[in-house]
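The values are calculated or read from the model by the stated rules, or taken from the named source; none is laboratory data. Treat the numbers as computed from the prediction; the structure is a model and nothing was measured. Using ideal geometry, Cβ is built from the backbone for each residue, glycine included, and neighbour counts are taken over all protein chains shown.
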Amino acid sequence: MKRILFILLLFPLSIIAQEDNINKTTEKQESKVLTEECIAGNCKNGKGTMQYQSGVYEGYWKSGLREGEGKYTWTNGDVYEGQWMQDKRHGLGVYVWHDSSKYKGNYNHGIRSGYGIYYYNNGTIYEGTWQNNLKHGIANFYYKESVNIGGKYINNEYVSGTGINQESYNFKPAQ
């Protein structure tokens, strides 16, 4: 009985926490304005380092476009490391914000799409599917003391799920 009461009391809090920081999950776009200079290697076809106005890209190039593995570091401290295709984040990658929030997962032509894990800087974790940079589909939401298993999101909005005590569910994604 105490367990059911505990879950019922925490459930409204879980919905509020899941909607928190929705706007923080926007990644910076790479700027190609004004200052663009290849500072090392081959930035046409091969491996090279390009200095942009907004940061630095180190990685592979094909026909003058970022292609394959690479790392972009913004001047504000944000970092993306992962796969690129035709100058866009595409495939598996990790984006770390300067406040230590982190996304590990799939990108499709520059946007979060498919499976991914978002680590909030407060320790909360979203593990699930993404569509058009929004939480969308079935997901697990991990809190310090509890977890919401099989929650459903539609366009970043929490729709439903089952809350359980963290003690009975110890499978939290590793950072």
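You will find that of Asn106, Asn76, the residue that is assigned to a loop (DSSP other than H, G, I, E, B), modelled with pLDDT of 95 or more and not charged (D, E, K, R) is Asn76 and no other. Restricted to segment 115-161, and to residues there that are outside any strand (DSSP E or B), touching a residue at least 60 places away in the same chain (Cβ under 8 Å) and under 15 Å from the mean Cα position of the chain (by Cα), the residue that is farthest from Lys102 (Cα to Cα) is Asn156. Looking at the structure I just gave you, is Tyr118 outside the structural domain of Met85 (by TED's automatic domain parsing), modelled with pLDDT of 90 or more and surrounded by 20 or more Cβ atoms within 10 Å (Cβ to Cβ)? It is true that Tyr118 is outside the structural domain of Met85 (by TED's automatic domain parsing), modelled with pLDDT of 90 or more and surrounded by 20 or more Cβ atoms within 10 Å (Cβ to Cβ).
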